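Report on one structure; see the data block that follows.
The values are calculated or read from the model by the stated rules, or taken from the named source; none is laboratory data. This structure is a prediction, so every number in the text was calculated from the model and none was measured. Virtual Cβ from ideal backbone geometry, glycine too; neighbours counted across all protein chains shown.
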Amino acid sequence: MPRAFLALLLLATPALAAKPNVVLIVIDDLGQTDLGCYGSKYHKTPNLDAFAKSGVMLKDAYAACPVCSPTRVALLTGKHPARLNLTDWLPGRPDRPDQRMNRPKIRQELPLEEVTLAEELKKAGYATAHIGKWHLGGKGFGPTDQGFDINIAGDDTGTPLSYFAPFKKGERFMPGLEDAKDGEYLTDRLTTEAEKFITANKGKPFFLYLAHYAVHTPLTAKKEMIEKYKQGPLGRQSNPTYAAMVESMDESVGRVLKTLDELKLADNTVVIFTSDNGGLATMEGAVNGIPATINSPYREGKGFLYEGGLRVPFIIRGPGVTTGSIPVISTDIMPTVLGLCAVKTELKFDGRNLAPLFGGGELDYKPTFYWHYPHYANQGSRPGGAIRDGNWKLVEYYDRERRELFDLSKDVSESRNLAADKPDVVKELAKKLDDWRNTVGAKMMTPNPDFKPNPQAKDGTITLKGEFGDAHGVQLRFEPLPHKNTFGFWTNKDDYITWEFEVTTPGTFAVELTQGCGKGSGNAEVELSVGESKTTHTVKDTGGFQAFEKIAAGKLTVEKAGRHTLTVKAKTKPGVAVMDLQQVLLTPVK
């Protein structure tokens with residue numbers, strides 16, 4: 001065979017093409033709708049918007065867990081966090097007396113016996129670097145113990161020691177950032193380290209895992225950038241500090257993509273951009289009373305099993321990626337990257353290799369996604385599990401008997417619970433979810449022997465806040481968003497609320513409700529009872545369901561010390577809803 005023809009043949013053979021590089025960018029606590037390309041009108045993300053146009057942007061993209069560490073385990077191993085018994089952020093929130101259930105004991109690190117994406121790529125000849133947040137174990141379980149040649153800034157902590165240099169707390173520095181110039185911003189510095197790694201390894205295949213600490217609390221940004229954003233109306237994305245953090249993150253992505261272009265590596269580099277969970281939409285870490293973000297139209301945010309806590313941005317670009325409108329979850333990242341890089345593996349994954357679909361091919365792909373979160377979250381959510389099967393999504397709670405069913409094709413906001421209308425679907429999905437838990441060996445919660453619900457204060461008062469009550473029925477629910485923090489959606493008269501509480505000094509108590517009611521919906525008759533003691537309250541029209549007023553609602557008698565239950569039921573509902581109920585206060589009558 002002539003040498004010239006042989007040379008042309010070798011160049012045309014895909015199997016002999018250069019191995020594609022891989023850049024995996026993971027942002028912390030970034031909601032899907034925080035980006036302009038996903039619909040944000042407040043945050044400025046020009047680089048990511050352009051990146052989305054040049055690649056494939058998926059809307060049905062999910063995190064494996066509504067909090068960070070478990071999702072990071074999933075994307076690095078291709079396995080579900082429940083299978084590895086690492087289902088909460090590390091070390092996790094300790095159990096408390098106000099919890100009905102105790103969490104299961106979880107792993108405190110990514111097990112060394114698990115094979116990571118970095119280890120598989122390193123074995124295939126890749127240079128590997130971890131830059132940014134690790135949060136999967138400390139000494140002996142860090143990035144360099146899990147397949148990464150280089151680690152910059154990664155340790156066991158979930159938040160940065162500082163967003164501005166010096167990057168330290170006390171005498172402890174963030175690894176590899178000891179020589180930072182005072183005042184340097186962390187997002188910028190991590191980007192510089194990423195550029196250095198790409199440049200140093202431009203002549204060989206590399207895997208860069210750039211895991212930004214941004215946009216996690218404490219919300220901290222450059223002052224001059226914060227000034228660019230004016231505070232918007234409450235209930236929408238309107239936090240200037242968070243917006244500035246998002247902009248710095250966007251600039252970082254732009255710099256990384258520019259480096260790939262300048263080094264002529266872009267055409268042979270798989271770049272994936274995503275987040276570890278939905279945006280933080282509660283008052284945790286709020287600035288000036290404004291939460292980090294709002295995930296509308298999705299319900300709730302980080303820590304919750306609703307769409308706002310699970311939907312994440314997912315943008316991918318690279319050789320072999322031409323199309324895609326498919327559902328994806330964190331566990332799909334490792335098998336898909338290995339597929340795009342033509343790296344063969346004997347490993348078994350919970351996720352799937354989506355490379356054929358991204359290339360316009362076919363795959364028998366009818367995904368069912370599962371979530372297992374047996375923990376009370378800092379954001380106020382309760383432990384539970386969830387399943388998405390086609391357009392159906394079921395959410396169930398572990399500390400009470402409640403299941404919620406939603407049709408995401410018609411109700412992406414998860415506003416209408418169809419559990420009562422579709423009992424057969426609920427039964428089918430609940431069985432699938434339970435079977436899956438058994439298959440992966442998911443650890444479950446246990447009763448809390450120290451449970452003390454809503455104890456009586458020293459002054460004799462008993463404060464029953466919405467977050468510690470239980471909604472019963474179909475539509476009624478507790479809404480934790482910072483501008484609500486109330487029981488709402490009381491559109492079904494037969495739904496009701498209960499609170500358990502403990503009394504040390506029994507007697508007669510004056511009842512005070514913190515309630516709101518929209519125009520035209522007032523005058524509903526509501527009965528409050530503790531055992532045989534009852535009082536009736538006429539709901540006041542306050543001009544808005546979120547216009548709360550403290551209103552006297554009669555008296556109740558508790559005859560003996562111990563645990564009791566307060567029940568609030570509607571006897572009539574003249575308007576669209578009974579009321580929004582934020583709190584019940586019981587004050588001893590002398």
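For segment 89-103, enumerate the residues that are buried (at least 18 other Cβ atoms within 10 Å of the Cβ), part of a loop (DSSP other than H, G, I, E, B) and over 19 Å from the mean Cα position of the chain (by Cα).
The one that is buried (at least 18 other Cβ atoms within 10 Å of the Cβ), part of a loop (DSSP other than H, G, I, E, B) and over 19 Å from the mean Cα position of the chain (by Cα): 99.
Just give me the residues in segment 301-343 being under 26 Å from residue 115 (Cα atoms), among the β-branched types (Val, Ile, Thr) and surrounded by fewer than 24 Cβ atoms within 10 Å (Cβ to Cβ), in sequence order.
321, 343 - these are the residues of segment 301-343 that are under 26 Å from residue 115 (Cα atoms), among the β-branched types (Val, Ile, Thr) and surrounded by fewer than 24 Cβ atoms within 10 Å (Cβ to Cβ).
Residue by residue through segment 164-180, note down the ones that are under 20 Å from residue 244 (Cα atoms) and buried (at least 21 other Cβ atoms within 10 Å of the Cβ).
167
Taking strands (runs of 3 or more DSSP E) that do not extend beyond segment 484-590, which have at least 2 residues that are closer than 20 Å to residue 455 by Cβ?
Where strands (runs of 3 or more DSSP E) fall fully within segment 484-590 and carry at least 2 residues being closer than 20 Å to residue 455 by Cβ, they are 496-503, 507-517, 525-530, 544-558, 562-570, 580-588.
Name every residue in segment 369-394 that is in contact (Cβ under 8 Å) with a residue 60 or more places away in the chain, more than 15 Å from residue 311 (Cα to Cα) and not aromatic (Phe, Trp, Tyr), in order of residue number.
Hits for segment 369-394 are 372, 374, 375, 377, 378, 379, 380, 381, 383, 384, 385.
Specify the residue that is farthest from residue 320 (Cα to Cα); the eligible residues are those in segment 346-377 that are surrounded by 17 or more Cβ atoms within 10 Å (Cβ to Cβ) and hydroxyl-bearing (Ser, Thr, Tyr).
376
Name the residues in segment 530-561 that are in contact (Cβ under 8 Å) with a residue 40 or more places away in the chain, crowded, with 16+ Cβ neighbours inside 10 Å and more than 17 Å from residue 464 (Cα to Cα), would you?
539, 545, 546
So which of 69, 54 ends up being of a type in the set (Gly, Ala, Ser), at negative phi and surrounded by fewer than 23 Cβ atoms within 10 Å (Cβ to Cβ)?
Exactly one residue qualifies, and that residue is 54.
In segment 199-232, how many are of a type in the set (A, V, I, L, M, F, W, C), crowded, with 21+ Cβ neighbours inside 10 Å and outside any loop (DSSP other than H, G, I, E, B)?
Adding up the residues that qualify gives 5.
Could you count how many residues in segment 24-53 are touching a helix residue (DSSP H, G or I) at 6+ places or on another chain (Cβ under 9 Å) and not in a helix (DSSP H, G or I)?
Result for segment 24-53: 15.
Given the structure, is residue 196 at pLDDT 95 or above and surrounded by fewer than 16 Cβ atoms within 10 Å (Cβ to Cβ)?
yes
Which one of 159, 187 is in contact with a Ser or Thr (Cβ under 9 Å, 6 or more places away or on another chain), under 26 Å from residue 257 (Cβ atoms) and in the same structural domain as residue 216 (by TED's automatic domain parsing)?
Answer to the selection: 187.
For segment 291-375, which fully contained helices (runs of 4 or more DSSP H) count at least 2 residues that are in contact with a His (Cβ under 8 Å, 6 or more places away or on another chain) and under 23 Å from residue 388 (Cα atoms)?
Output list is empty.
Could you look through segment 75-88, keep only residues that are out of contact with any Lys or Arg (no Cβ under 6 Å at 6 or more places or on another chain) and assigned to a loop (DSSP other than H, G, I, E, B), and pick out the one that is nearest to residue 210 (Cα to Cα)?
Among residues in segment 75-88 that are out of contact with any Lys or Arg (no Cβ under 6 Å at 6 or more places or on another chain) and assigned to a loop (DSSP other than H, G, I, E, B), the one nearest to residue 210 (Cα to Cα) is 78.
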